[in-house]
Amino acid sequence: KIWLVQELKKVTPDIGVVFLCAGWYATLATMLFESGIRINKIRSFDIDDSCRAIAETFNKPWVKQDWKFKTCTQDIHDINFLEHKYTVKRADGTDCELDDVPDTIINTSCEHIEDFDAWFAKIPKGKLVCLQSNDYVAIDEHVNCVKDSLHFAEMAPLSKVYFTGELPLEKYTRYMRIGIK
C-alpha cells in the first residue's frame with residue numbers, strides 16, 4: 001500500500017472522490033489522507049461487515065471530519081460507478097443513504113475478485129484507476145491471481161498508463177497498474 005501511495009503521488013496531486021473497492025480495514029485510506037495528496041473524500045466498500053467498525057476506527061479523524069471517510073458493507077460488484085447510491089451506518093447505528101460519483105477507483109485486492117472481468121467492465125472510461133494483484137496462488141481465496149505484468153495488463157486494459165510495475169516479495173510478487181481506463 002505504501003508503494004501505491006508513493007507512485008500515485010508521482011501521477012497526480014488530486015484524486016477527488018475515491019472509491020476504495022474491497023477496502024477491508026481501509027488502512028490505505030489513512031495512508032492516502034496523510035500523504036499530502038488532495039482528496040475530497042474516500043468511500044470504502046467491502047462485503048465483510050466485520051471490517052466496517054475497524055475501518056472507521058482506523059480513519060476516525062476523517063469520519064469525524066464531516067464523513068470525509070466512510071465505509072459501506074457492500075459487494076463491489078453492485079457498485080454503480082456512474083452514480084452510486086449506498087447505505088452507511090451513523091454512529092448511533094441507524095442507516096443513512098448517500099450517493100457519490102468516484103473520480104478515482106482503487107482496488108488493491110484484485111486477486112480476491114471473482115468474475116473480475118464483469119467488475120472491471122463496470123468502471124467507466126476516463127476514470128483514474130489504481131489496481132493491485134499478485135501471483136500468490138497458494139491461498140484459496142486468491143481466485144484471480146495474475147502470472148505477470150503482461151497478464152495483468154491484458155486483464156485490466158487502460159487507455160493511458162501512468163505506472164505499471166512489480167514488487168518482488170518473499171513469497172510472491174505484487175503487481176500494480178495506475179492509469180485511465
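Each reported figure results from applying straightforward, stated rules to the coordinates on display, with no laboratory input. For clarity, every value in this text was computed on a predicted model and none was experimentally measured. Virtual Cβ from ideal backbone geometry, glycine too; neighbours counted across all protein chains shown.
Those residues that are among the aromatic types (Phe, Trp, Tyr) and more than 15 Å from Ser109 (Cα to Cα), I need them from the stretch 132-173; list them, please. Passing the criteria: Tyr162, Phe163.
Lys125 falls short on exactly one of the conditions (1) more than 16 Å from the chain's Cα centre (by Cα); (2) closer than 27 Å to Asn40 by Cα; (3) surrounded by 12 or more Cβ atoms within 10 Å (Cβ to Cβ); (4) not β-branched (Val, Ile, Thr), and that condition is (3). Restricting attention to the stretch 133-158, the residues being touching a His at 6+ places or on another chain (Cβ under 6 Å) and aliphatic (A, V, I, L, M) number 0.
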